[in-house]
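Chemist: Following this message is one structure expressed as C-alpha cells.
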Number of protein chains: 8
Amino acid sequence: MNPQVGIIMGSQSDLPVMAEAAQFLEEIGIAYELTVVSAHRTPQRMIDYAGSARERGIKVIVAGAGGAAHLPGMVAALTSLPVIGVPVKSSNSIDGWDSILSILQMPSGIPVATVALNGGKNAGILAASIVGAYEPEIGRKMDAFKTGLREKVEESAAQIEEKGWKEMLKK
Amino acid sequence: MNPQVGIIMGSQSDLPVMAEAAQFLEEIGIAYELTVVSAHRTPQRMIDYAGSARERGIKVIVAGAGGAAHLPGMVAALTSLPVIGVPVKSSNSIDGWDSILSILQMPSGIPVATVALNGGKNAGILAASIVGAYEPEIGRKMDAFKTGLREKVEESAAQIEEKGWKEMLKK
Amino acid sequence: MNPQVGIIMGSQSDLPVMAEAAQFLEEIGIAYELTVVSAHRTPQRMIDYAGSARERGIKVIVAGAGGAAHLPGMVAALTSLPVIGVPVKSSNSIDGWDSILSILQMPSGIPVATVALNGGKNAGILAASIVGAYEPEIGRKMDAFKTGLREKVEESAAQIEEKGWKEMLKK
Amino acid sequence: MNPQVGIIMGSQSDLPVMAEAAQFLEEIGIAYELTVVSAHRTPQRMIDYAGSARERGIKVIVAGAGGAAHLPGMVAALTSLPVIGVPVKSSNSIDGWDSILSILQMPSGIPVATVALNGGKNAGILAASIVGAYEPEIGRKMDAFKTGLREKVEESAAQIEEKGWKEMLKK
Amino acid sequence: MNPQVGIIMGSQSDLPVMAEAAQFLEEIGIAYELTVVSAHRTPQRMIDYAGSARERGIKVIVAGAGGAAHLPGMVAALTSLPVIGVPVKSSNSIDGWDSILSILQMPSGIPVATVALNGGKNAGILAASIVGAYEPEIGRKMDAFKTGLREKVEESAAQIEEKGWKEMLKK
Amino acid sequence: MNPQVGIIMGSQSDLPVMAEAAQFLEEIGIAYELTVVSAHRTPQRMIDYAGSARERGIKVIVAGAGGAAHLPGMVAALTSLPVIGVPVKSSNSIDGWDSILSILQMPSGIPVATVALNGGKNAGILAASIVGAYEPEIGRKMDAFKTGLREKVEESAAQIEEKGWKEMLKK
Amino acid sequence: MNPQVGIIMGSQSDLPVMAEAAQFLEEIGIAYELTVVSAHRTPQRMIDYAGSARERGIKVIVAGAGGAAHLPGMVAALTSLPVIGVPVKSSNSIDGWDSILSILQMPSGIPVATVALNGGKNAGILAASIVGAYEPEIGRKMDAFKTGLREKVEESAAQIEEKGWKEMLKK
Amino acid sequence: MNPQVGIIMGSQSDLPVMAEAAQFLEEIGIAYELTVVSAHRTPQRMIDYAGSARERGIKVIVAGAGGAAHLPGMVAALTSLPVIGVPVKSSNSIDGWDSILSILQMPSGIPVATVALNGGKNAGILAASIVGAYEPEIGRKMDAFKTGLREKVEESAAQIEEKGWKEMLKK
C-alpha cells in the first residue's frame, strides 16, 4: 500500500514527538512514510521530497521542527499539498515560542496547518481527519476514535464520583 | 453544487478577515457556505452545525474567532472532519496572543489546523489544498496559484533591479 | 445537604490542583460536588452539567482546565450562574500562558471569574466568599479564615525577629 | 434601595471602562454605588471602604485599575466579600500585561475574580450572576440576557446567510 | 545603633532571596532590621510599619514579594522614604513576570526602585549606595566593593588566559 | 547651588520623558543638571561623567535610555552612587520590553533602581525621596506631595459621587 | 566595480527598511546589489542566488523578511558566506516577535547574524564593518563614521546644556 | 600566528557556552584568543580590549553575556570591527529574553551580530564564515563543514528509513 501521509522532521532528536503521529496513523490504518529531512542541512533533499510528494501519492505532509523552524513552511512553499506543522520544543528552543511562531506565522499564500507545541499525536489525528474526509472507512474510524475519547472521560468521571477525590489522589 | 467547505466565525465583526477565505475558494472554484456561529452565544447552533457537517457533504470547516477563541476547538470536538482555525485579532484581543493560544494549544485528541493571526486567506488556501489533494482539477489549480505567486515576485524583482530601489521607494 | 458548589475539571490530571478547592470548601463547611467534565471529549455531558446546575441548587461552578482551556468559558456560556475558572499549568501548556488567556479573555457577555495559575485553593476561597456574602454563618467563617492568615504571618514575623534570619535560613 | 454592588476604580481615567459595569447593573436592576478609591494615593480611604462594605450591605465589590494594579488585590485583602478585578489598559500599561498579572496572580488565600482586559461590562455581568444565584428574579433576568445574546447572533447569521457576505462587507 | 535600612518580605518563603540584602548590609557595616510584613495578610501591620519608618530613623526600605506582588508598591504609597522592590520568583509566579510587572509598573507619583528578579543582594547594594551618597565612610566602602568586583574578574581572566579554557572547563 | 541630581539620557529624543524628572525636582526645590550622554556613541564622555559625579557633589544619577538600553547599567558600573534607570519606549523599542529588561536585569553587584516604562516623573520623585531621606526639609515636602496626591483623588471621588458617572463621562 | 554585498528581501514591502542598508553602503563606498528573493514564493531563485553568491564575488549577504521569516536562515543554509538577517516588522507580524525569533534562533551549524527589528541601517553598517575588517580604507571610513556619531551627540549635549531643556522641548 | 578572532565573555560562568566558539575555530584552523572581560566589573579593561583589537590584528570579536548583557553592545561601541553577540541564558536571566533583547536591540549606528540563545558554536561558525569570505582556504573548509552537516543528516535519514522509527526510539 502506497503511503498517503509523509512524516518528516528536521532532526532525529524530534523523533519522540513525531513518532506519535506515525503511531496514530498505524492504529487508524493509514499508510505513511517517515524520515529525516532538514531544511538547513539538506535543502536539496527537502526540495526533492516536497516536489515529488504529490506524484508519489502522498495526500498530506506532516513536518516537525524546533527553534527557528523552517522545514514546515519551506515544504509548504515547495508543494501544493496540505502541510501540517508540528512545533517541537527542542533543546535550543526558548520555551517553544520560536518553534511556534516560525511555523504558524506564514505569509499570505503559503499556509501551514499548525498544531500545538509537541503535538505529534494531534498532527497524526489531523492528517487522518483529512484522509477521513474523503475515505468513508477512515471517517468512520475517526468517529469511533472520538467516541473512545468520550468513553475514557466518562469512565474517569464515574470512578472519581464513586471513589471520591481523596481516594483518587492517592494513586 | 453542494458546499465542500464550511466557513464560520464567532462574530460578524470577524467578517473582514474570514471573507478572504471565501474569496479564495470562489476564485479557485470550490463551493462553500459562510455564516456566523458563536460558541459562547449560540452553543446549540454550534453543536447542530458541527454535528451535521459531514452528512451535508462538508469536507473541511474553517472557523475564525478572537480573544478566548473557543469556536474552532469546540467545533473540532464536535466533528471528526478537519477543522482549520483562524485566530482573529479582534478588538478585545491582547495583540492576538489570546486568539492564537486558545486555538492552537488544543489537548491531545482534538487538533485544530491553526493558521497565522488574521490569516483568513491562508485558511482558504489550506482548505483548497486539502480538497486539491483529492480532486486533481483543484490540485492543478493550486499548482497554478503557486506559479502565480512566483511570477509576481519575479516581476517585482525585475522591476526593482531595472529601475533601482530609489525609484521604487518614491512610489 | 445539597451541593452548593460544583467543581469540575477537564481531565483527571487536573485533580491535584482542583482538589484544593474541594479541601477548602470542606473545611469551611460548604457542600460541594466534584467530577470530570471535558469540553472537548464530552461536550454533551458538559451541556447537561451546566444546563441543570441551577435547578440542582448549585450556586457557583468552579471549572479548571489547561492548555487551550475551553471548559470554564463554555460552561459560562451554558449557564447564568457565576463560573470560576482555574487555569491549570498542565503538561501540554506553555508555562501556563495558554491556560490563562483562553480562560480570562472571554468576550463581552460571558465572563469567567479567573483566578491565578494553578489557583485551585483560591477558587475554593472565592466560591466560599460568594456563598458567604449571602449566608452570614459562612461570612463569619470567612472573616475568621482571614484572621488566621494574619496570625500565621504575625507568628512567622515574631519568630524571624526573635531568632534572626540566619537561624531561620538553616531550617 | 441599598447598593448591593460597589464599583471602585483607582483613577477617574478608568471610568470609561468601569462605567460599563454600572450600565449593566442599572439595566438588570441591581442597586450599586460607584466611586474612586486609590490604593496608592488614598490607602486609608481604601481600608475604610473595604472594611465597611459588608455591614453596608454590599455583596460584591468590582475594582478596576491599570499598570501595577494593586486596588483589587488590596481590597480583597481587606474584606471577605467576593472581589471582581478589572485589568484596565491604562496609558501607563504595557499592552495590559502588567494590569492583568498584578490582579490575577494573587497569592494563596486572597483570590480576586479577574475578568478580561478592559472587561468592565463583563465585571458587571459577573456581579449580577452572583446576585442572581441568590435572588431568583435577577437569576431569571440573567437567563433572559443570555437569550438576548443568542438571538442577536442568530439575527446576524440570518442576515449574512440571506444577503451574502459581499453585501455585508459593504456596510 | 539604630537600623538605617528596613528589610521586609511578603512571606517567610522569600527569606533566601532577601537574606542576601541583609548579608551585604552587614558586611558593609550598615545597621538594618528584617521582618515579615504581608500586604495581603497583614495590611494593618504594613501600614504601621511604613508609617513609622521615617520617625524610627529608617532611611531606605527594601521590600520583596512574588506573584501579584503588592508589598513594595503599597509601602511606597504609605511612606515618602525611598522603597527598593525585589521581585521574587516565588512558587506561584509565572517565571517572575508577574512579580516584576506588579512591582515595576507603579503609577505616576509612587515610584518603587525595582531591582532584578531575585536580586536580593543587589537591593542591599543599592540601599548601601544610597546611604553611601550621604555617609562618606560608607561611600568609600562602596568604592572598595567595586574595586573588589573588578579584581575578581581580573583574577579570573588571568587564570583563564594562563591555564587555557580547556583546563578551566574541567573544573 | 550645586546640582544634587544628575539627569542624563542616551539621546535627545528621550527628552520628553526625562524632562519630567527635571520638572519634579524643580518643583520640589532640588538642584539638578541635565544633559545627553550616550553609552554607545560617547563612551568616554559617559566614563568622565560617571567618574566625576561624586566629587562634583552629585548624590543620585537618573539615566534614561531605550531599546538595548546600556546607559543606566554602565553608569552604575562606573560610580558607586545610586543610579535610577528610566526605560524609555523609544521608536526602536519592542513595546518597551527591551528597554525594561536591559536596565532592570543587572548582574549581581551592579544594581540599577529601575522605574516604570517612560517613568521620567517617577524617577524624579524617587531621586527626591532619596534626598528627602537625608534632608528633612525635602522630606517634609515629599510628605506634602503625597498629601496632594491624596487630596486630588478625594476631590475626584467627591465630584463623581456628587455628579454621577454619566455626567462625568460626558466631559 | 563588482558588488561586495548582496541585499535581498522577501517582499517589495520590505524595501523601506532594507533600502537603509543600501543607503549606508553607498555613503561608505561599498558596491552592492539589491533585489527581491522570496524563500516561500521563489525557492529556486533563492537557491540560485545563494549558491552563486561566492563565485560572483559577494562577501556578505544581507537578507530581510517578516513574520515567519525563513529567507535569512535558508540563505545561510545555502551558502557559507556570512549572512546578516534583518527582522522586519511587516504588516502580518505580531509586534515583530515572529520575525525576530524565526531569524535569530537558528539551529547549531547555520548561524544568521541578526540585527535589531527593522534594523536595515544597522545591517548595512555591520556589512561594512566586515568589509572594513579586511579593507583598510573602509576600516578608516568606519572609524570616521563612529567619530561622526560621537560628535553629533556632543553637539546635541552642548545645545541642551546651553539652551536648557525647556527651550529644547519647544522644538 | 596572531589571533584573528577575539572571544570574550562577561563572566567565567559563561565559559561552557563560549568555549564552543573556540572549539570550532580550533577545528577550522583559525587563531583566536579567549578571556574574561566584564562591561560592568572591568569597564576600563573592556575599553582597552576593544580599543586595541584592530591594531592587534583581530578581525572579529565574539562577545557573550547574560541577563542585562551590555558587553557585546559596549564593545561594538568601542571598535568598528564586526562584533558577534552571544546571548547566554545565565542563572540570573529570565528564560534568556533579557540576554537576547539587550544584545539584539542595539540603536541605529552600533550593530551587534546576534546569534541564538547559548549559540556559542554558531558564533564561532559565523566568525569563521567572515574570515572565510576573505581567506579562500577557510572558505573551502567552511564549504566542507556544510557538506559534513548534510552528510550527517543523510546518514541519520538512511538509518531511520532502514531500521524504522520503532527501533530508533529504543536507543
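Chemist: Has the range F:136-146 got any residue that is closer than 18 Å to D:Arg41 by Cα, touching a helix residue (DSSP H, G or I) at 6+ places or on another chain (Cβ under 6 Å) and touching a residue at least 24 places away in the same chain (Cβ under 8 Å)? Lay out the reasoning, then the answer.
Modeler: The first filter runs over the range F:136-146 and keeps only residues closer than 18 Å to D:Arg41 by Cα, leaving F:139-146.
Applying the additional criterion that residues be touching a helix residue (DSSP H, G or I) at 6+ places or on another chain (Cβ under 6 Å) yields F:139, F:141-142.
Narrowing the set further to residues that are touching a residue at least 24 places away in the same chain (Cβ under 8 Å) leaves F:141-142.
Looking through the range F:136-146, at least one residue is closer than 18 Å to D:Arg41 by Cα, touching a helix residue (DSSP H, G or I) at 6+ places or on another chain (Cβ under 6 Å) and touching a residue at least 24 places away in the same chain (Cβ under 8 Å).
Chemist: Do you know which residues across the range A:64-101 are of a type in the set (A, V, I, L, M, F, W, C) and either under 16 Å from the mean Cα position of the chain (by Cα) or at pLDDT below 95 (or both)? Don't jump to the end; show me each part of the working.
Modeler: Filtering the range A:64-101 for residues of a type in the set (A, V, I, L, M, F, W, C) gives A:65, A:68-69, A:71, A:74-78, A:81, A:83-84, A:86, A:88, A:94, A:97, A:100-101.
The answer is A:Ala65, A:Ala69, A:Leu71, A:Val75, A:Ala76, A:Leu81, A:Val83, A:Ile84, A:Val86, A:Val88, A:Ile100.
Chemist: Just wondering, is there one or more residues in the range F:137-146 that are over 21 Å from H:Gln105 (Cβ atoms), facing another protein chain (nearest Cβ under 7 Å) and basic (Lys, Arg)?
Modeler: yes
Chemist: Assess whether C:Val86 counts as being away from chain B (no Cβ under 12 Å), within 30 Å of A:Lys89 (Cβ to Cβ), in contact (Cβ under 8 Å) with a residue 60 or more places away in the chain and not small (Gly, Ala, Ser).
Modeler: On the way: away from chain B (no Cβ under 12 Å): yes; within 30 Å of A:Lys89 (Cβ to Cβ): yes; in contact (Cβ under 8 Å) with a residue 60 or more places away in the chain: yes; not small (Gly, Ala, Ser): yes.
It is true that C:Val86 is away from chain B (no Cβ under 12 Å), within 30 Å of A:Lys89 (Cβ to Cβ), in contact (Cβ under 8 Å) with a residue 60 or more places away in the chain and not small (Gly, Ala, Ser).
Chemist: Give, as residue ranges, the helices (runs of 4 or more DSSP H) completely inside the range D:13-92 that count at least 2 residues that are in contact with a helix residue (DSSP H, G or I) (Cβ under 9 Å, 6 or more places away or on another chain) and of a type in the set (Asp, Glu). Quick ask: steps written out before the conclusion?
Modeler: Values: elements: D:15-28, D:43-53, D:71-78.
Per the criteria, D:15-28.
Chemist: H:Lys152 - would you say it is exposed (fewer than 14 other Cβ atoms within 10 Å of the Cβ) and either facing another protein chain (nearest Cβ under 8 Å) or at pLDDT below 95 (or both)?
Modeler: Values: exposed (fewer than 14 other Cβ atoms within 10 Å of the Cβ): no; either facing another protein chain (nearest Cβ under 8 Å) or at pLDDT below 95 (or both): yes.
The answer is no for H:Lys152.
Chemist: Quick one: which residue in D:Ile125, D:Ile110, D:Ile100, D:Ile130 is buried (at least 24 other Cβ atoms within 10 Å of the Cβ), touching a Pro at 6+ places or on another chain (Cβ under 7 Å) and within 14 Å of chain E (Cβ to nearest Cβ)? Working first, answer last.
Modeler: Working: D:Ile125 fails: within 14 Å of chain E (Cβ to nearest Cβ); D:Ile110 fails: touching a Pro at 6+ places or on another chain (Cβ under 7 Å); D:Ile130 fails: within 14 Å of chain E (Cβ to nearest Cβ).
That would be D:Ile100, the only listed residue that is buried (at least 24 other Cβ atoms within 10 Å of the Cβ), touching a Pro at 6+ places or on another chain (Cβ under 7 Å) and within 14 Å of chain E (Cβ to nearest Cβ).
Chemist: For E:Ser91, only one of the following conditions fails: (1) over 22 Å from F:Ala133 (Cα atoms); (2) buried (at least 20 other Cβ atoms within 10 Å of the Cβ). What is its number?
Modeler: The number of the failed condition is (2).
Chemist: Somewhere in the range A:91-99, is a residue assigned by the TED database to the domain that holds A:Arg41, closer than 30 Å to G:Ser90 by Cα and among the aliphatic types (A, V, I, L, M)?
Modeler: Filtering the range A:91-99 down to residues assigned by the TED database to the domain that holds A:Arg41 leaves A:91-99.
Right, trim to closer than 30 Å to G:Ser90 by Cα and you get A:91-99.
Now narrow it down to the ones that are among the aliphatic types (A, V, I, L, M): A:94.
Taking every residue of the range A:91-99 in turn, at least one turns out to be assigned by the TED database to the domain that holds A:Arg41, closer than 30 Å to G:Ser90 by Cα and among the aliphatic types (A, V, I, L, M).
Chemist: Scan the range A:70-83 for residues that are of a type in the set (A, V, I, L, M, F, W, C) and facing another protein chain (nearest Cβ under 7 Å) and jot them down. Give the steps one after another, and end with the answer.
Modeler: Within the range A:70-83, the subset of a type in the set (A, V, I, L, M, F, W, C) is A:71, A:74-78, A:81, A:83.
Hits for the range A:70-83 are A:Met74, A:Ala77, A:Leu78, A:Leu81.
Chemist: Scan the range E:96-107 and give yes if some residue there is part of a loop (DSSP other than H, G, I, E, B) and of a type in the set (Val, Ile, Thr), otherwise no.
Modeler: To start, the set of residues in the range E:96-107 that are part of a loop (DSSP other than H, G, I, E, B) comprises E:96, E:105-107.
Keeping just the survivors that are of a type in the set (Val, Ile, Thr) gives none.
No - not one qualifying residue is present in the range E:96-107.
Chemist: Right, next: For the range B:40-69, which positions are within 23 Å of B:Lys121 (Cβ to Cβ) and facing chain C (nearest Cβ under 10 Å)?
Modeler: B:Ala65, B:Gly66, B:Gly67, B:Ala69, listed by residue number.
Chemist: Consider E:Trp165 against the criteria (1) buried (at least 19 other Cβ atoms within 10 Å of the Cβ); (2) within 9 Å of chain F (Cβ to nearest Cβ); (3) touching a Leu at 6+ places or on another chain (Cβ under 9 Å): it satisfies all of them except one. Which criterion is unmet?
Modeler: Unmet condition: (2).
Chemist: I would also like to ask the following. With the requirement that a residue be small (Gly, Ala, Ser), over 14 Å from A:Thr79 (Cβ atoms) and assigned to a helix (DSSP H, G or I), what does the range B:113-143 give you? Lay out the reasoning, then the answer.
Modeler: Here is the first cut: in the range B:113-143, the residues small (Gly, Ala, Ser) are B:113, B:116, B:119-120, B:123-124, B:127-129, B:132-133, B:139.
Filter once more, keeping what is over 14 Å from A:Thr79 (Cβ atoms): B:113, B:116, B:119-120, B:123-124, B:127.
Correct list: B:Gly120, B:Ala123, B:Gly124, B:Ala127.
Chemist: Among the residues of the range G:159-171, is any polar (S, T, N, Q) and touching a residue at least 12 places away in the same chain (Cβ under 8 Å)? Spell out how you get there, then give the answer.
Modeler: Of the residues in the range G:159-171, the ones polar (S, T, N, Q) are G:159.
Now narrow it down to the ones that are touching a residue at least 12 places away in the same chain (Cβ under 8 Å): none.
The answer is no, given that none of the residues of the range G:159-171 is polar (S, T, N, Q) and touching a residue at least 12 places away in the same chain (Cβ under 8 Å).
Chemist: Scan the range A:99-111 and report the pairs whose first residue is on the phi > 0 side of the Ramachandran plot and whose second residue is surrounded by fewer than 24 Cβ atoms within 10 Å (Cβ to Cβ), with Cβ atoms within less than 6 Å and a gap of 6+ or a chain change.
Modeler: Matching pairs, first to second residue: A:Gly109/B:Leu149.
Chemist: Determine which member of the set B:Glu55, B:Glu33 is among the charged types (D, E, K, R) and touching a strand residue (DSSP E or B) at 6+ places or on another chain (Cβ under 7 Å).
Modeler: Details: B:Glu55 fails: touching a strand residue (DSSP E or B) at 6+ places or on another chain (Cβ under 7 Å).
Step by step, each of B:Glu55, B:Glu33 is checked, and only B:Glu33 is among the charged types (D, E, K, R) and touching a strand residue (DSSP E or B) at 6+ places or on another chain (Cβ under 7 Å).
The values are calculated or read from the model by the stated rules, or taken from the named source; none is laboratory data. As the structure is a computational prediction, the values presented were derived from the model and not from experiment. All Cβ positions, glycine included, derive from the backbone under ideal geometry; neighbour counts span all protein chains shown.
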